[in-house]
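Okay, structure first, notes after.
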Amino acid sequence: MPNPFELRGKRVLVVGLARTGAATALFCAARGAIVTATDARTESEIGEAITPLRAADVRLEFGGHRENTFLEQDLIVPSPGVPADAPLLQAARSKGVTIWSEVELADRFLEGRLIGITGSNGKTTTTSLIEHILRNAGFSTILAGNIGTPLIARVEQTSDESITVVELSSFQLELIETFRPNIGLFLNLTADHLDRHHTLEEYGRAKARIFENQTEADSAVLNADDAATTPLAPSKPHVYWFSRKQRVAQSAFLQENEIIFRHDDEEEVVLKLQDIPLAGAHNVENVLAAVAATRLAGTVPAAIAKGVRSFAGVEHRLEFVAEIGGVRYYNDSKATNVDATLKALAAFPGRILIVLGGKDKGSDYTLLQRSLREKAILALLIGAAAEKIEIQITGSVAIERAGTIERAVEIASHAARPGDVVLLAPACASFDQFQNYEHRGRVFKELVHQLERQAASTTSGRR
């Protein structure tokens, strides 16, 4: 049931006008709030997103943030990209202003059940897979959150019968108050966003808030193989573990190439390992997590197996783009941290030409050395982090400073030979050169498709 919150007449400030901020401002305005939206960008930089906001009578402030605006509010909803400890937010907090993330506000109005997924890696694949399994099993589902569509934009579609499956970032979870998923998943924890959270412990605590408001009626699902998350298991909800390496007391595990679900001492075979269409051991873990969540949500094993087998994967997540002259190109633009890049490298046998770089998040790229030495033949460095990455991986693989993704693809296309893999798995955020990781992935794919068209044209010209 929703946790009622009356927006009518409330003074609400939305900070940041990207997708989440714009959706939040429109949501609040539609419910009678007096809404102000502020963005550090200029009006021309934001563009067409302003039009519906003006139509909804949202007050707009551009080109910076005014302290008085922050102090005059009843509620402030910062976009995920705004640090929770930003000075203006701290000033407002000291004056008693309520500060919530968008998912906290949305949760006050949601109907039906909620499944929330967080973790350093695998969130998007696992979230998409859970929703795919449930939808194909006949449930009414809604897919939202950090995966692309803000949760608040889906509120009106929820009902008593719906299951909302939401991907949650640490940025969204650090500003919750009562947000409570019926089933919460914490997939893994590796160093990421340390430029924002400063320490791994602080980052882990932010993610573990997914369990904070759960009760004995709820379920928490964690990775038994991940030493960083096991200490973060909650005490109130029922705890379920998934494992690729060991039999667990409750939930999903891998045994002799079969995925088993165990509950109340009863075990059932859900599917065979060979039925998983996704590459990489990390995707086995994602499937185990999805099996646990969907079984707990009431899906029968046969429907889960059918859903896994029919899952085509997620755009920008080890996405096959094309094979040109025997060289395969893969887009893993969602690999925005070192651990995700390590998992991408592990998915292939070797002879990889990898594109690395972007905006650094305080990462330690020396952790890539062993995998690069074993799997890669060339690292093509792009973006603002190129110098740091080069220093930290020197000696493990041949390196070329490409600068841009366009130049990286061009160099790779000349250097690769049949049987090689060209892999975009940057280990960095995208914001130095792109709008987001989706934009980066789309640019990469279009460059590869241009190569594909050129190759096809050359071939036909020889006939």
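Residues to consider are LEU151, LEU134, LEU143; find the one that is closer than 12 Å to ALA297 by Cα and touching a strand residue (DSSP E or B) at 6+ places or on another chain (Cβ under 9 Å).
Numbers: LEU151 fails: closer than 12 Å to ALA297 by Cα; LEU143 fails: closer than 12 Å to ALA297 by Cα.
It is LEU134.
If you go through region 431-447 and keep only what is within 19 Å of LEU345 (Cβ to Cβ) and either among the small types (Gly, Ala, Ser) or surrounded by fewer than 21 Cβ atoms within 10 Å (Cβ to Cβ) (or both), you end up with just GLY441. The single condition among (1) closer than 16 Å to VAL448 by Cα; (2) surrounded by fewer than 24 Cβ atoms within 10 Å (Cβ to Cβ); (3) not small (Gly, Ala, Ser) that LEU424 does not satisfy is (2). Restricting attention to region 298-312 and to residues that are open to solvent by 30 Å² or more (accessible area, probe 1.4 Å) and part of a loop (DSSP other than H, G, I, E, B), the residue that is nearest to ILE183 (Cα to Cα) turns out to be GLY298.
So, in region 342-373, how many residues would count as being among the aromatic types (Phe, Trp, Tyr) and open to solvent by less than 10 Å² (accessible area, probe 1.4 Å)? Residues that pass the stated criteria total 1. Has region 347-359 got any residue that is hydrophobic (A, V, I, L, M, F, W, C), at pLDDT below 90 and at negative phi? Checking region 347-359: at least one residue is hydrophobic (A, V, I, L, M, F, W, C), at pLDDT below 90 and at negative phi. The residues listed here are ARG135, ARG154; of these, the one that is open to solvent by 10 Å² or more (accessible area, probe 1.4 Å), in a helix (DSSP H, G or I) and more than 27 Å from ALA25 (Cβ to Cβ) is ARG135.
For ALA384, are the conditions met, namely being within 26 Å of the chain's Cα centre (by Cα), among the hydrophobic types (A, V, I, L, M, F, W, C) and surrounded by fewer than 17 Cβ atoms within 10 Å (Cβ to Cβ)? Considered against the rule, which asks whether it is within 26 Å of the chain's Cα centre (by Cα), among the hydrophobic types (A, V, I, L, M, F, W, C) and surrounded by fewer than 17 Cβ atoms within 10 Å (Cβ to Cβ), ALA384 comes out as yes.
Among the residues of region 93-106, write down those that are surrounded by fewer than 20 Cβ atoms within 10 Å (Cβ to Cβ) and either polar (S, T, N, Q) or in contact (Cβ under 8 Å) with a residue 40 or more places away in the chain (or both). Give the derivation first.
First, the residues of region 93-106 that are surrounded by fewer than 20 Cβ atoms within 10 Å (Cβ to Cβ): 93-98.
Within region 93-106, SER94, THR98 qualify.
Within region 389-399, the set of residues being touching a residue at least 12 places away in the same chain (Cβ under 8 Å), surrounded by fewer than 16 Cβ atoms within 10 Å (Cβ to Cβ) and more than 19 Å from GLU410 (Cβ to Cβ) comprises GLY395 only. Taken over region 262-302, the criterion of being farther than 21 Å from PHE139 by Cβ, in contact (Cβ under 8 Å) with a residue 40 or more places away in the chain and aliphatic (A, V, I, L, M) is satisfied by LEU278, ALA279, ALA281, VAL284.
Among residues belonging to region 59-92 that are under 16 Å from PRO150 (Cβ atoms) and of a type in the set (A, V, I, L, M), point out the one that is least open to solvent (accessible area, probe 1.4 Å). Before the answer, list the steps.
Step one: filter region 59-92 for residues under 16 Å from PRO150 (Cβ atoms), giving 77-82.
The next check asks that each one be of a type in the set (A, V, I, L, M); those that pass are 77, 82.
On the way: VAL77: 4, VAL82: 34 Å².
Across region 59-92, the extreme among qualifying residues is VAL77.
Within 24 Å of the chain's Cα centre (by Cα) and either within 19 Å of LEU151 (Cβ to Cβ) or assigned to a helix (DSSP H, G or I) (or both), is that true of ILE117? The answer is yes for ILE117.
Of the residues screened, ARG54 is one that is outside any loop (DSSP other than H, G, I, E, B) and open to solvent by 20 Å² or more (accessible area, probe 1.4 Å). Note on region 155-182: residues that are more than 15 Å from VAL103 (Cβ to Cβ) and either acidic (Asp, Glu) or touching a helix residue (DSSP H, G or I) at 6+ places or on another chain (Cβ under 8 Å) (or both) total 4. The set of residues from region 123-132 being buried (at least 24 other Cβ atoms within 10 Å of the Cβ) and touching a Lys or Arg at 6+ places or on another chain (Cβ under 8 Å) comprises just one member, THR125.
Taking into account only those residues within region 243-261 that are among the polar types (S, T, N, Q) and touching a residue at least 12 places away in the same chain (Cβ under 8 Å), which is farthest from LEU187 (Cα to Cα)? Applying the filter and picking the extreme gives ASN257. Taken residue by residue, region 17-35 has at least one member that is assigned to a loop (DSSP other than H, G, I, E, B) and touching a residue at least 60 places away in the same chain (Cβ under 8 Å).
Annotation note: Cβ proximity below 7 Å between a residue of region 153-178 that is within 16 Å of ILE76 (Cα to Cα) and a residue that is assigned to a helix (DSSP H, G or I) and of a type in the set (Val, Ile, Thr) (sequence gap 6+ or interchain) occurs for GLN172/VAL103; LEU173/ILE210; ILE176/VAL103.
Residues VAL284, VAL321: which one is open to solvent by 10 Å² or more (accessible area, probe 1.4 Å), outside any helix (DSSP H, G or I) and β-branched (Val, Ile, Thr)?
Working: VAL284 fails: outside any helix (DSSP H, G or I).
Of the residues listed, the single one that is open to solvent by 10 Å² or more (accessible area, probe 1.4 Å), outside any helix (DSSP H, G or I) and β-branched (Val, Ile, Thr) is VAL321.
The values are calculated or read from the model by the stated rules, or taken from the named source; none is laboratory data. Here the structure is a predicted model, which is why all the values come from computation and not from measurement. In this analysis, Cβ positions are derived from the backbone assuming ideal geometry, glycine residues included, and neighbour counts consider all displayed protein chains. Note: accessible area is taken over every heavy atom of the protein model, side chains too, but ligands, DNA and RNA are not part of it. Shrake-Rupley method; radii C 1.70, N 1.55, O 1.52, S 1.80 Å.
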